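Worksheet: one structure, shown below.
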Amino acid sequence: MATQSELLQALRPRYRTATRPEKGRILDEFVAITGCHRKHAVRLMKSPCAEREERTVRRVYGEAVRQALVVLWEASDRLCVKGHPN
């Protein structure tokens, strides 16, 4: 049995050019082989590629947000997890 990514590579071009009834049959076939949910199969078929890149997003907050957090931290008597007794 082919892996899911190989199966997606084979079925995705057919799915994109298929009519609505044909798409239903392709999805039935994919769900029967992989055992995944139909909605997940639709998302996989519509996605541009099978492999996703890992994205890391680092949020940088402005000075106003940092100042508000410092005020809250001071109001909580500098509450933190490190060194907290159980």
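Each value in this text was obtained by applying a stated rule to the coordinates, not by laboratory testing. This is a predicted model, so every value here is computed, not measured.
For the range 1-45, the C-alpha radius of gyration divided by 2.2 N^0.38 Å, with N the number of residues, is 1.01.
In degrees between 0 and 90, to the nearest 10, how far off the longest principal axis of the chain does helix 4-17 point, with axes built from Cα atoms? Helix 4-17 and the main axis of the chain meet at about 70 degrees. Expressed as a whole percent, the proportion of Cα-Cα pairs in the chain lying more than 21 Å apart is 55%.
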